[in-house]
Structures are given as C-alpha cells and as structure tokens.
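Take a look at the structure set out below.
The values are calculated or read from the model by the stated rules, or taken from the named source; none is laboratory data. Here the structure is a predicted model, which means the values were calculated and not measured. Methodologically, a virtual Cβ is constructed for each residue, glycine included, from the backbone with ideal geometry; neighbour enumeration extends over all protein chains shown. We work out accessible area using only protein heavy atoms, side chains counted, and drop any ligands, DNA or RNA first. Shrake-Rupley method; radii C 1.70, N 1.55, O 1.52, S 1.80 Å.
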Amino acid sequence: MKASIAADQIEEFPRVLKLREKIAYGMGDVGNNFLFDMGQLYLLKYFTDSVGLSPAVGGGVFLVAKFWDAFADVAVGTAIDHRKKIGKRGKFRPFILWAALPLAILSIANFSMPDFSVTLKEVWAYVAYILFGTVYSISNIAYGSMQPAMTKNSVERSELASYRNIGANIGQLISTAAFMPIVLMLPTDRIGYMVAITIFSAAGVACQLFTYFNIKENYVEKKNSNEGKVNIKEILKSYKAVFKNGPLLILCLANLFTFSAFNVIQAVQFYFAQYALHNIKIVSYMSLLTVGGGIVGSAIVPTVTKKIGKKYTYMIGCFIWFIADLLGFFLTNSGWSFAFFTTIAYFGNGLLSALNWALISDVVEYGEWKTHVRSEGIVYSSYTFFRKLSQAAAGLIPGVVLTFVGYVPNQAQTATSLLGIRSLVFLYPVIMAILTVIIMFFYPLNENRYAQIMDDLSTRRHGAKVETDE
C-alpha cells in the first residue's frame, strides 16, 4: 500500500521526455565508452606488452592520472554549478560539445607513443593520460549532472538511468568485441592499436554530437540576478552541504567498491584469457554474452525497482555478482565457463550500474531538501571523485600484483603468476561485492521517503514563489 502511495506522489511530477531524448541520452554513454573504455580495457596491456613499460609503471600512470581526475571532477562540478550566464544551449549541454574533438585527439595520443627512450615513454604516458582525463571530466561531469535537469519524474529518471547503462553496455560490448580483432589483423600491435583507437575515437565523437543535438534541459535551476557574483563562502557552503548528504556519501563508498572491482576485471581479463586460457580472442567472442547480460540487467531495472525499490534491487545485483565470481574462481577452466560465470556477474552488475545514475539524481534532491542548497554539479562530481579513486585503485592494483607475482610479458607464466591473475579476475570482485552489500544496508532513501522529500521541495518552492510574487 505504501509503495503505491509513493508511486502516486511521484507521478505528480509530469513525464516530459520523448523516446528520442532517452535514446539520445543513452547514446552519450555509447560515445563515452568508445573513448573512455579504451584506457580502462587496453592501455595497461599496451604499456606492458607493446611499449615495454613495466606493470608497476603502468599502474603508476593510472594511480596518478585518476587521482588528478578525481580533483578535476570536483573543480569542473564547481565551475558548472556557479556559471554566471546560462545561454539557450543550457547549463550542461555546451560542455559535451566543446570537449568532443579534444577527447578524440587525446585518446589517439595515448595509444600513439613514439619510439622514445624508456624515460620519455613514461613521461608521454603520464602527460597524455592526465590530459585525457581532464578533458573527459569536463564532458562527463556535465553529461551526468544533466539528468536531474531533464526530468523530475522518478520513473523517467530510472528510465534515463536504464538507457544510459544500456548505452554504456553497448559501447563496452562493441569496444570489447571489435577493438582487439582490429589490432590483431594488422601487421604489428603498434599499428593495430593506432588504427583501432582512431576508428573508435571518431565513432565516440559522432555519438556525443548525436546526444548534444537531441536532448534538452527542462528544469534548469537558475540563480537570481543578485546571485550572479560567486564568492568563496558560497562555494564552501556547497561543499559543506555535500558532507551533510548521508545518502550521497554511502553511494560514493558503494561505487568505490563496485567500480574498482569492475575496472580490475576489465584490465586483467585479457591477461587471464591469454595466459590461463591460452586464447586472448575469447574475450572478444564472449563479450556478446557477458555485456548482453549487463544489458538485460539494465533493461529490467525499471520493472524490478517498481516492485522492490531501488535499494534492494541494488543489493540483489551485488549478491548475484558475488555468487557468480565466487563460483567462477573455482570452476573456470575454459573459455565457455569463463563466459558463463562472467555473463551472470555482468547481469548482476547491470542492475546496480543502471541504478547508480538514478540514485545520484535522488541524492541531489535529498541534498537540497536537507541543506537548502542545490548543487547538481558538485554532488555529481563528488560522486565521480570516488569513482575516479576506484579507477586509480583498479589501475594500480593489477600493476602491483602482476609485478609481485612475477609476470613476464609474452611468456608462459608461473603457477604463482597465474593464481595472482585469477584472483584479480574473481576474488577481488567477490570481496568488493560483500563490502557493497554491507554499506548499502545503511542507505536511507526508499520510495516513500523520496516521495515525501519531493513533496516537501515542491511545497517549499511554491511558497518561495508566492512570497516573491507578493
């Protein structure tokens, strides 16, 4: 009964999105994955096996770059929230347009390292990846922060989150299935990486432009004219509001755990396929199944959340992921068993990944309700700050572990090295899934609470408008 009441209250906020806008929003993450996934999936292996950098150096590049990105996210979020002039293009959309081409150029630069000395190669690796991450922050913070401005309807937000995650899975599917075959079909790995990254960068820009031209911001919270000047006190007030946002902090920790696990898998699966299963091509083949599992998980999120709510859907996704990877550690001995267990894990991950983008919109509203400060950009960038920390860990941990277990590129691996690689693929995600279930148990926002918050905000805004009119 309570759930139906909450649903009725939420529906007071009208549906405003057309199917074209939902598809276009999802295409944004197709483009993001064409550009971003290349680094997460292939850059460590490019560094170690094609360029000749040590795994520890490769991990160090990810560690430093992602820490830099984390602070860049916060800076970008602050700048977006405190823009003085918002034109007809909107508060968030212009950043997607401005960053598209530079992202493609920097993405290509990461996989086009000249034949320098080892020291200069390391410098190139650090500089190119840090610059890429900085520009990506500009684009991605705006893209993610825009969702609350597109709709206030909770169901539509879940739908947008689902479309976004489906787009991310499609981008990842194509990236995983097509990138390495392009590399392997060309005369050398160096040429192969160059051609493949150029193709994907061009496609990524095309997707981002499609998003830009086919979405709009329906609810832009504009500052009053007397609030045009931004001061340090105002910015500090916004940051203070973030630390009072309990649901946001819980969601940040949950993403620190789950996203680091997912990115470790992404970085190490090629090592596992090549050295444990002796077939690196299996990752491309099985991606049709594994990413398909993620897409199915994302697609059923709106239906499942209507029945049991977002919090418990999230926790169930983690539990499915936990079971699949735990069994996979002991039972995976072929490409097909690897594909089977990974597909189930991706299905569970699809449930929680889709919900991440819906939950972040909810905590924006909670933050405004709790603190009377609305800061989409700062809230979203605080959230991505933890995701970037998880990516730093996901880049560093494989590099450190591979060095510790004695990994040698393009050679038969020792039993110790193979166990280290297998543990990274399966056991690390198991531990992270357990931690996520524990932290999400304390997440306080359910559907009834959210409906009441939205009702309070509506009343507060209406009262403020009436007072202003008088």
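Any residue at all in the range 278-287 that's under 20 Å from Asp37 (Cα atoms), over 21 Å from the mean Cα position of the chain (by Cα) and without any contact (Cβ under 8 Å) to a residue 24 or more places away in the chain?
No, the conditions are met nowhere in the range 278-287.
As an exercise: evaluate Lys91 against (1) over 20 Å from the mean Cα position of the chain (by Cα); (2) part of a helix (DSSP H, G or I) and give the number of the one condition it does not meet.
Every condition holds for Lys91 apart from (2).
Hey, any hits in the range 108-116 for a residue that's open to solvent by less than 10 Å² (accessible area, probe 1.4 Å) and among the aromatic types (Phe, Trp, Tyr)?
yes
Determine the pairs where a residue that is open to solvent by 30 Å² or more (accessible area, probe 1.4 Å), located within the range 305-316, has a partner that is among the hydroxyl-bearing types (Ser, Thr, Tyr) with Cβ atoms under 7 Å apart, the partner being 6 or more residues away or on another chain.
Lys311/Tyr443
From the list Val118, Val64, Val51, which one is within 21 Å of the chain's Cα centre (by Cα), under 24 Å from Thr403 (Cα atoms) and modelled with pLDDT of 90 or more?
Criteria check complete, one pass: Val64.
For residues that are among the acidic types (Asp, Glu), assigned to a helix (DSSP H, G or I) and under 29 Å from Lys306 (Cα atoms), scanning just the range 8-48, find the one that is nearest to the chain's Cα centre (by Cα).
Across the range 8-48, the extreme among qualifying residues is Asp29.
Quick check on this structure: which one of Val291, Val304 is over 24 Å from Pro444 (Cβ atoms) and either among the basic types (Lys, Arg) or assigned to a helix (DSSP H, G or I) (or both)? Break it down stepwise before answering.
Details: Val304 fails: over 24 Å from Pro444 (Cβ atoms).
None of the others qualify; the one that does is Val291.
Which ones in the range 106-164 are in contact (Cβ under 8 Å) with a residue 60 or more places away in the chain and of a type in the set (Val, Ile, Thr)?
Once the filter is applied, which keeps residues that are in contact (Cβ under 8 Å) with a residue 60 or more places away in the chain and of a type in the set (Val, Ile, Thr), the range 106-164 yields Ile108, Val118, Ile130, Thr134, Ile138, Ile141, Thr151, Val155.
Answer yes if at least one residue in the range 344-353 is part of a helix (DSSP H, G or I) and of a type in the set (Val, Ile, Thr), and no otherwise.
The answer is yes; a qualifying residue exists.
Restricting to the range 167-189, name every residue that is surrounded by fewer than 24 Cβ atoms within 10 Å (Cβ to Cβ), touching a helix residue (DSSP H, G or I) at 6+ places or on another chain (Cβ under 6 Å) and either at pLDDT below 85 or farther than 12 Å from Met38 by Cβ (or both).
Ile170, Leu173, Ala177, Pro181, Leu186, Asp189 - these are the residues of the range 167-189 that are surrounded by fewer than 24 Cβ atoms within 10 Å (Cβ to Cβ), touching a helix residue (DSSP H, G or I) at 6+ places or on another chain (Cβ under 6 Å) and either at pLDDT below 85 or farther than 12 Å from Met38 by Cβ (or both).
If Lys18 passes every condition in (1) open to solvent by 20 Å² or more (accessible area, probe 1.4 Å); (2) closer than 25 Å to Asn169 by Cα; (3) basic (Lys, Arg); (4) touching a Gly at 6+ places or on another chain (Cβ under 9 Å) but one, which one does it miss?
Of the numbered conditions (1) open to solvent by 20 Å² or more (accessible area, probe 1.4 Å); (2) closer than 25 Å to Asn169 by Cα; (3) basic (Lys, Arg); (4) touching a Gly at 6+ places or on another chain (Cβ under 9 Å), the odd one out for Lys18 is (4).
Considering the range 241-255 alone, what residues qualify as being part of a helix (DSSP H, G or I), surrounded by fewer than 21 Cβ atoms within 10 Å (Cβ to Cβ) and in contact (Cβ under 8 Å) with a residue 40 or more places away in the chain? Can you show your working first?
Step one: of the range 241-255, the residues part of a helix (DSSP H, G or I) are 241-243, 246-255.
Those left that are additionally surrounded by fewer than 21 Cβ atoms within 10 Å (Cβ to Cβ): 241, 243, 246, 249-250, 253.
Result: Ala241, Gly246, Ile250, Leu253.
Among (1) at pLDDT below 90; (2) open to solvent by less than 10 Å² (accessible area, probe 1.4 Å), where does Thr436 come up short?
Of everything listed in (1) at pLDDT below 90; (2) open to solvent by less than 10 Å² (accessible area, probe 1.4 Å), Thr436 misses just condition (1).
Filter the range 407-427 down to the residues that are in a helix (DSSP H, G or I) and among the hydroxyl-bearing types (Ser, Thr, Tyr), then identify the one that is least open to solvent (accessible area, probe 1.4 Å).
The qualifying residue least open to solvent (accessible area, probe 1.4 Å) is Ser417.
From the set of residues in the range 122-153 that are more than 16 Å from Gly39 (Cα to Cα) and open to solvent by 10 Å² or more (accessible area, probe 1.4 Å), which is modelled with the highest pLDDT?
In this case the residue turns out to be Val123.
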